[in-house]
Ligand code: AGP
């Protein structure tokens, strides 16, 4: 997820674009850049680092008085965060300039074709391929920029929100959108572009939101022209009067980043398996696994090292990996692993899971593993982060920046990546057959839709939170794949509402925690109709016999638990292996609403940091 900004009009484009980038920095902040054209010279300034770094660099590269400019703050997906990979990118002629938010899946084949035709590339990005494809089409067809962009977009597979201009015709911006957001601000003889409205809300509240598959030509002193990429059909220009505050815009209209990120999970999971989960071809493509498949197949065991929520994702992965690959898996708190003089051999594969890619304990665990000749594979969300660079190979989650300190979409996208790995390894080791593989990839492909449906429980979760927000203690119970979900639910509640909570395997309740149960104790039980459902029902009966209050997460249509529990939250049916991707959602929402009702600082809870880079 990156931030794009553009301007064309009578003001100084550089300050508009720069200030606009600052407002979009929450969308990505590993590198930034802008391109300005003053009628004589194209000034492209870009740098690794935050927008402030770009601002300083601009002081030296000279600030032209330009009437057209585009800017970008990056969240890397292809190509490390560095100067050459930051946007904007320009074509070989130096005349076409582009900024892009999204992922082009087939960029490599297009790049190879363009190289055959003599194009040279300065960066590792998919975006530089697109701008040269547009130039190649324009050179061949002499089409206007908008039409050339349209033809190029017909050749690519992936997601994009782009802004392009041609210094030969600097009174026009061409924009297009598929899968990534793009807003056009309408001023008095001036136009603004943004990934959302925050870059231009101070100048105008009139905006057009492009729809997927649309391209638009924006020219001064002319009405905007919008048409469909697929069929050239002109589309009506619908101008909206925006009412949202600037702060609300950054949060996408949600009250907190955490809620926004809970609701982003369907798209974050889609982005994470995009280009990897190919259901039509019935294959999973993951270069990091394919290039090291022998190490995984011949591994004596897989050791997962992580902290916090990432450790919970590792626990879910233990169930999935052992079930599908029959490779022994151990899950270690990185902070314990690093100090206990662990036994590690060159036959071990270590999987390090980290959203930030900067957690000190996880980094230290990686170091020890490498010192003992183990193969280390990273699952990170931040491209080019230290852990991503320290591991021998890896696979990124594509959750986009996670701003809320409490991890939500990182958890579900980590599980998505780890599920893809387990499926790929299981098929390679023949520990699962094609039928099982196809059943799982088909269902995984439907998870985003089922997660959208699961999010409908938001109101119920809030109503339940109202009842229990003043509890002093809370128990979360789950079995099998959903035992780690119980742990994660407890962590969510603890870290944002400051209510003490514990997660337990449901069967463990009778070995101690049952002594805690009384009429003041809410117990959240994951009781979907999979695994040892009947035994979980018995656990619920044991709780009720002691006057405990049961909040049950059940499969839609469940009647048995509904008769027993004080509250039920229904979620769509799915395979047990994939159920954590859905069962965790009600727990996230329950914790979120409890914290809001208690007036806690949901996005930045006390004592916590988003990335624990200290020991
Ligand atoms: C999760 O909600 C917490 N914010 C925290 O436990 C986090 O998961 C942990 O610090 C690990 O961070 P990482 O994934 O960036 O390594």
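Okay, here's what the table says:
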item: Yes/no for residue 291 being more than 30 Å from residue 156 (Cβ to Cβ) and either surrounded by fewer than 19 Cβ atoms within 10 Å (Cβ to Cβ) or within 16 Å of the ligand (Cβ to nearest atom) (or both); result: no
item: Test: residue in the range 49-62 that is modelled with pLDDT of 95 or more, buried (at least 18 other Cβ atoms within 10 Å of the Cβ) and in contact with a helix residue (DSSP H, G or I) (Cβ under 9 Å, 6 or more places away or on another chain); result: no
item: Single condition residue 136 does not satisfy, out of (1) in contact (Cβ under 8 Å) with a residue 12 or more places away in the chain; (2) at negative phi; (3) under 29 Å from the mean Cα position of the chain (by Cα); result: (3)
item: Long-range neighbours under 6 Å by Cβ, at least six apart or interchain, first residue within 16 Å of the ligand (Cβ to nearest atom) within the range 308-328, second part of a loop (DSSP other than H, G, I, E, B); result: 309/407
item: Candidates 530, 547 - the one that is at pLDDT below 95 and under 24 Å from residue 436 (Cβ atoms); result: 530
item: Hits in the range 475-496 (condition: more than 16 Å from the ligand (Cβ to nearest atom) and touching a helix residue (DSSP H, G or I) at 6+ places or on another chain (Cβ under 7 Å)); result: 475, 477, 478, 479, 480, 481, 482
item: Residue satisfying condition, being more than 16 Å from the ligand (Cβ to nearest atom), more than 21 Å from residue 262 (Cα to Cα) and at pLDDT below 95, within set 540, 517, 523; result: 517
item: Residues being free of Cβ contacts under 8 Å to residues at least 40 places away in the same chain and in contact with a helix residue (DSSP H, G or I) (Cβ under 6 Å, 6 or more places away or on another chain) - total across the range 391-409; result: 0
item: Any helices (runs of 4 or more DSSP H) falling wholly within the range 326-390 and containing at least 2 residues that are out of contact with any helix residue (DSSP H, G or I) (no Cβ under 7 Å at 6 or more places or on another chain); result: 360-371, 386-390
item: Test: residue in the range 67-83 that is over 28 Å from the mean Cα position of the chain (by Cα) and surrounded by fewer than 24 Cβ atoms within 10 Å (Cβ to Cβ); result: yes
item: Flag if residue 365 is within 16 Å of the ligand (Cβ to nearest atom), crowded, with 23+ Cβ neighbours inside 10 Å, under 19 Å from the mean Cα position of the chain (by Cα) and in contact (Cβ under 8 Å) with a residue 24 or more places away in the chain; result: no
item: Output for the range 464-482, where each listed residue is surrounded by fewer than 21 Cβ atoms within 10 Å (Cβ to Cβ) and in contact with a strand residue (DSSP E or B) (Cβ under 8 Å, 6 or more places away or on another chain); result: 467, 471, 472, 473
item: Any hit, the range 587-606, residues being out of contact with any helix residue (DSSP H, G or I) (no Cβ under 9 Å at 6 or more places or on another chain), modelled with pLDDT under 95 and either within 16 Å of the ligand (Cβ to nearest atom) or more than 28 Å from residue 321 (Cα to Cα) (or both); result: yes
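The values are calculated or read from the model by the stated rules, or taken from the named source; none is laboratory data. Predicted, not measured: the structure shown is a model, and the values here were computed from it. Quick reminder, even Gly has a Cβ in these numbers, built from the backbone with ideal geometry, and neighbours come from all protein chains shown.
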